[in-house]
């Protein structure tokens with residue numbers, strides 16, 4: 001059952017189209033990867049799906065969430081969706097989290113807003129969530145401020161915040177790009193766990209092909225604002241239909257290859 | 001001020017469309033400000049060659065007269081033509097304004113650069129001095145200097161110049177520090193470029209637009225400071241004309257001749273508003289270019 | 001013949017206000033013609049180490065030697081001619097207010113290389129061509145170029161004084177994947193053609209594996225493993241190296257180029 005459906009989504013700024021005619025759907029338990037290089041419009045697309053585009057941008061097309069078109073929705077209508085039906089996690093948790101608010105309260109925020117919990121219940125749930133995302137010493141950590149946590153810990157908090165109200169869809173925009181590779185591996189494992197546990201559908205956006213390929217079952221490839229390829233991950237990786245996707249995969253394969261000369265004979 | 005949205009937009013890179021470029025170049029603030037300022041400058045320049053009457057000319061029969069064909073701005077209590085006074089006052093304001101700003105920048109910019117470039121100890125020392133001077137009211141400083149050296153144009157320029165220099169130094173330090181964090185400064189060091197060359201070729205070219213905007217604002221500050229000093233009798237001594245002194249002299253007769261207070265006050269206001277609008281306009285014009293460069297570079 | 005050209009002995013760097021040293025007793029040897037990779041995650045100390053090798057920062061203790069001499073006894077200009085660097089961020093490593101030719105010519109001017117302006121202009125054209133740009137590009141400004149092209153300009157600047165050693169700090173991390181490949185190929189090509197010795201600092205083992213014959217693995221300011229890249233990748237001795245290797249996301253094996 002499709003939860004979110006974008007049809008012919010077009011985003012323009014000053015008459016310049018930044019995203020052109022993008023269509024795709026997301027259902028529960030989906031794992032969709034959106035890959036593109038800089039300027040591809042992937043982040044703008046993600047923002048549009050939650051009505052978070054900066055002012056000055058014009059959108060056209062349709063964004064159906066649970067069958068209702070939210071394209072021109074008011075902020076109030078969007079607020080009913082954000083955090084409750086669709087959540088988003090960004091690349092840099094330092095800027096996505098309020099630097100002056102203890103993280104426990106930030107996780108509790110959506111709980112109080114959407115589920116009407118009182119403060120102590122919400123705090124209890126926040127501690128539960130901290131435990132769920134494997135943060136050390138949750139009872140103490142809920143009082144910490146974001147800058148007192150490491151990058152990986154902050155991203156765990158961001159995930160807890162995003163999933164606290166059990167949304168049906170999670171959009172993750174480059175969630176591990178700013179993290180060290182070992183921390184990235186931990187967060188990706190955590191993401192996997194959480195998706196299995198909560199049944200949330202995932203839209204994973206990244207420029208990093210191996211990461212996306214590891215997470216997604218369905219792959220969308222964007223270039224210059226257009227969706228140039230869409231299909232099951234294996235199909236796209238092995239039998240890309242568009243030239244761009246073929247080039248991208250070939251470059252990614254070369255760039256991410258761990259050259260091990262003695263295994264592969266002559267090498268450089 | 002980087003929120004996820006701002007980051008996303010910056011990463012995406014807002015394209016440099018012709019519409020955006022045009023909007024940046026046409027700035028109403030700049031146009032209005034420049035017009036006002038040019039009017040004042042014109043008055044000042046013309047006064048060098050001509051004015052309706054001589055400075056000392058008095059018309060005893062027409063004291064405290066309102067604006068008329070003979071006296072466009074009326075006369076003061078001694079029968080002196082106000083328009084002449086306004087013109088010559090403009091000259092004083094512009095001269096003292098420019099001179100003070102020059103003094104402020106000659107002192108402030110090297111100090112700011114020194115603070116940004118030097119080690120923490122020197123930087124802290126300079127910042128301390130700057131903060132003290134900023135906290136110290138310019139007028140008090142002026143009074144201090146006048147007490148010691150007597151009232152004169154030079155003292156007024158020095159006092160205002162020193163007072164404003166602190167703010168200039170502060171802004172220079174902040175802007176230069178930001179440039180120092182850029183990799184291209186480090187790259188210059190690894191190219192063997194010496195510190196002086198780095199300041200001249202890398203730092204100054206990247207901060208001059210900020211300093212220019214500040215110079216225009218400093219000019220406005222200087223004009224008000226000069227008017228205040230003259231009002232208090234601490235500025236350019238008579239008979240040199242000054243809007244501030246015009247205000248002071250017209251105070252007692254304000255009920256009979258309000259225009260003698262209104263017009264000099266308006267002159268100061270027009271000058272300061274004009275220069276502030278000019279500064280805003282400059283910022284609008286200069287910044288979009290920079291932002292476009294930065295965003296195009298994000299590609 | 002293969003005496004080290006640049007080396008660091010027991011380098012330690014402490015920063016005021018921080019409990020742990022950024023570098024803790026690090027030894028590093030750069031031999032001519034043998035490209036070296038310095039790998040580690042954030043906080044490993046690799047950028048601090050790079051700055052020591054570049055001579056823009058001094059160690060709290062320990063010594064840097066260049067061509068056998070302690071660094072503070074080497075003539076500044078000579079060192080700068082021989083050791084050049086390319087930085088990570090193509091946006092901030094070029095002065096936005098200088099035309100490209102002037103940027104690339106800066107080391108020539110500052111180090112007094114080239115007899116006159118014409119000679120320097122010739123050299124600028126030469127290195128711009130070597131990195132795949134055109135001499136006419138010298139008249140344009142950095143913001144007119146893409147990220148990959150700007151990185152090429154940065155490389156051209158580094159090559160202008162004909163250095164022996166090229167230090168590169170995450171030279172491709174800020175670039176798109178397809179562009180990364182081009183720059184990696186360019187670096188490989190330049191190292192081969194010009195006989196440069198490359199010292200590459202990166203968090204990305206894959207890139208280091210493709211460009212460097214030897215590798216140093218750093219963690220928390222210390223070197224935890226070192227050796228020929230092939231050995232370290234195939235038989236990682238230290239558990240951190242193993243964890244690092246295991247964490248790297250890889251495309252399915254059959255997709256990799258032979």
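Below, the figures for the structure above:
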{"item": "Region A:161-267: relative contact order in percent, alpha carbon pairs under 8 Å with at least 6 residues between", "result": "18"}
{"item": "Interatomic Cα distance distribution for region B:101-176, bins of 5 angstrom, percent", "result": "3, 19, 24, 22, 15, 9, 6, 2"}
{"item": "Distance between region C:70-97 and region A:103-179 - C-alpha centres, whole angstrom", "result": "44"}
{"item": "Principal-axis tilt of helix C:147-159 within chain C, Cα atoms, nearest 10 degrees", "result": "80"}
{"item": "Prolate/oblate/rounded call for chain C, Cα gyration tensor, a/c under 1.5 rounded", "result": "oblate"}
{"item": "Antiparallel content of DSSP bridges confined to the protein assembly as shown, in %, to 5", "result": "55"}
{"item": "Fraction of antiparallel bridges per DSSP, region C:130-225 only, in percent to nearest 5", "result": "40"}
{"item": "Shielding of C:85-96 by partner chains, average beta-carbon count, 10 Å", "result": "6"}
{"item": "For C:243-250, mean number of other protein chain Cβ atoms within 10 Å", "result": "6"}
{"item": "Rg(Cα)/(2.2 N^0.38 Å) for region A:1-111, N = residue count", "result": "1.13"}
{"item": "Contact order normalised by residue count of region B:62-117, Cα under 8 Å, 6+ apart, percent", "result": "19"}
{"item": "Cα centroid separation, region B:142-165 to region A:189-204 (Å)", "result": "70"}
{"item": "Per-peptide average of other Cβ atoms within 10 Å, ordering B:261-274, B:52-65 highest first", "result": "B:261-274, B:52-65"}
{"item": "Most fluctuating residue given options C:15, C:145, C:66, as computed from a GNM of chain C linking Cα atoms under 10 Å", "result": "C:15"}
{"item": "Helix B:28-49 vs. chain B, principal-axis angle (Cα, 0 to 90°, nearest 10)", "result": "50"}
{"item": "All-pairs alpha carbon distance profile, region B:162-243, 5 Å steps from 0, percent", "result": "3, 13, 18, 15, 12, 10, 8, 7, 6, 4, 3, 1"}
{"item": "Intensity falloff of chain B expressed as log10 I(q)/I(0), Debye formula with alpha-carbon point scatterers, at q = 0.13, 0.14 Å⁻¹", "result": "-0.98, -1.07"}
{"item": "Pairs of Cα atoms farther than 24 Å apart, region A:162-268, %", "result": "35"}
{"item": "Using alpha carbons only: equivalent-ellipsoid semi-axes of chain A, gyration tensor based, whole Å", "result": "31, 26, 16"}
{"item": "Highest to lowest packing among C:160-171, B:227-238, A:179-190, scored as the average C-beta count within 10 Å", "result": "C:160-171, B:227-238, A:179-190"}
{"item": "Average other protein chain Cβ within 10 Å of Cβ, residues B:179-186", "result": "6"}
{"item": "Rounded if a/c under 1.5, otherwise prolate or oblate - region C:163-256, Cα gyration tensor axes", "result": "oblate"}
{"item": "Degrees between helix C:177-194 axis and first principal axis of chain C (Cα, 0 to 90, nearest 10)", "result": "80"}
{"item": "For region C:66-110: rounded, prolate or oblate by the Cα gyration tensor [a/c cutoff 1.5]", "result": "prolate"}
{"item": "Most to least packed among B:188-197, A:27-36, C:82-91 [average Cβ atoms within 10 Å]", "result": "C:82-91, A:27-36, B:188-197"}
{"item": "Calculated SAXS-style log₁₀ I(q)/I(0) at q = 0.05, 0.11 Å⁻¹ - the protein assembly as shown, Debye, Cα scatterers", "result": "-0.38, -1.29"}
{"item": "Beta bridge orientation in chain C: antiparallel %, DSSP, nearest 5", "result": "50"}
{"item": "Average Cα contact separation per residue, region A:1-88, under 8 Å, 6 or more apart, as relative contact order %", "result": "33"}
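Every number here is computed from the coordinates shown, using simple stated rules; none is lab data. Note that the structure is a prediction, hence the values are computed from the model and not measured. As a convention, Cβ positions derive from the backbone with ideal geometry for all residues, glycine included, and neighbour counts pool all protein chains shown.
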